[in-house]
1. Looking only at region 72-87, count every residue that is farther than 16 Å from Leu53 by Cα and either among the charged types (D, E, K, R) or in contact with a Lys or Arg (Cβ under 8 Å, 6 or more places away or on another chain) (or both) and tell me the total.
2. Taking the residues in region 73-97 that are among the hydroxyl-bearing types (Ser, Thr, Tyr) and at pLDDT 90 or above as candidates, determine which candidate is surrounded by the fewest Cβ atoms within 10 Å (Cβ to Cβ).
3. Before we move on, is Leu113 crowded, with 18+ Cβ neighbours inside 10 Å, assigned to a helix (DSSP H, G or I) and either modelled with pLDDT of 95 or more or touching a helix residue (DSSP H, G or I) at 6+ places or on another chain (Cβ under 6 Å) (or both)?
4. State which residue is surrounded by the most Cβ atoms within 10 Å (Cβ to Cβ) when the search covers only region 45-72 and only residues that are under 21 Å from Met19 (Cα atoms) and free of Cβ contacts under 8 Å to residues at least 12 places away in the same chain.
5. Looking at region 9-41 only, could you name the residues that are without any contact (Cβ under 8 Å) to a residue 60 or more places away in the chain, within 18 Å of Thr99 (Cα to Cα), part of a helix (DSSP H, G or I) and not acidic (Asp, Glu)?
6. Would you mind stating whether Arg75 is more than 14 Å from Val11 (Cβ to Cβ) and touching a residue at least 24 places away in the same chain (Cβ under 8 Å)?
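The values are calculated or read from the model by the stated rules, or taken from the named source; none is laboratory data. A quick note: this is a predicted structure, and the numbers were derived from the prediction, not measured. Heads up, the Cβs are rebuilt from the backbone with ideal geometry, glycines too, and the neighbour counts pull from every protein chain shown.
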Amino acid sequence: MALQGAKILLVEDEALVAMLLEDMLADEGCDVVATAPRLTEALAYAESLEFDLAILDLNLAGENTFPVAEALSARNKPFVFATGYGAGGLPPEWRDRPTLQKPFTATDVSRVLGELLAEAGR
């Protein structure tokens with residue numbers, strides 16, 4: 001499996017979506033190192049934890065996660081936005097980033113994260 005052993009930072013405020021993603025990732029052999037439901041927590045994790053890639057819900061309790069995306073970019077950590085709006089819902093400066101369109105399937109998650117890890121050379 002391409003994702004086997006990958007360490008993932010999960011940024012998601014909907015508990016059911018977070019649990020679903022955690023299960024999907026566990027099935028792929030990933031290790032979720034942390035789940036952040038709020039922006040301040042997500043930003044702290046993005047700046048300090050060690051992980052291979054991150055999944056960012058675009059909106060956390062009404063706050064967008066672009067500051068987290070900026071922190072990840074500064075650390076050269078790959079990430080994917082998870083959003084119901086798709087790439088078209090992102091501002092122009094972020095539209096080149098991979099996107100998981102909600103609702104997504106386990107196959108979608110595996111494909112997008114596998115591509116992201118391959119691009120990162122893992």
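1. Result for region 72-87: 3.
2. For region 73-97, the residue satisfying everything is Ser73.
3. Yes.
4. Asn64
5. Within region 9-41, Ala18, Leu20 qualify.
6. Yes; evaluated as a whole, the condition is true for this residue.
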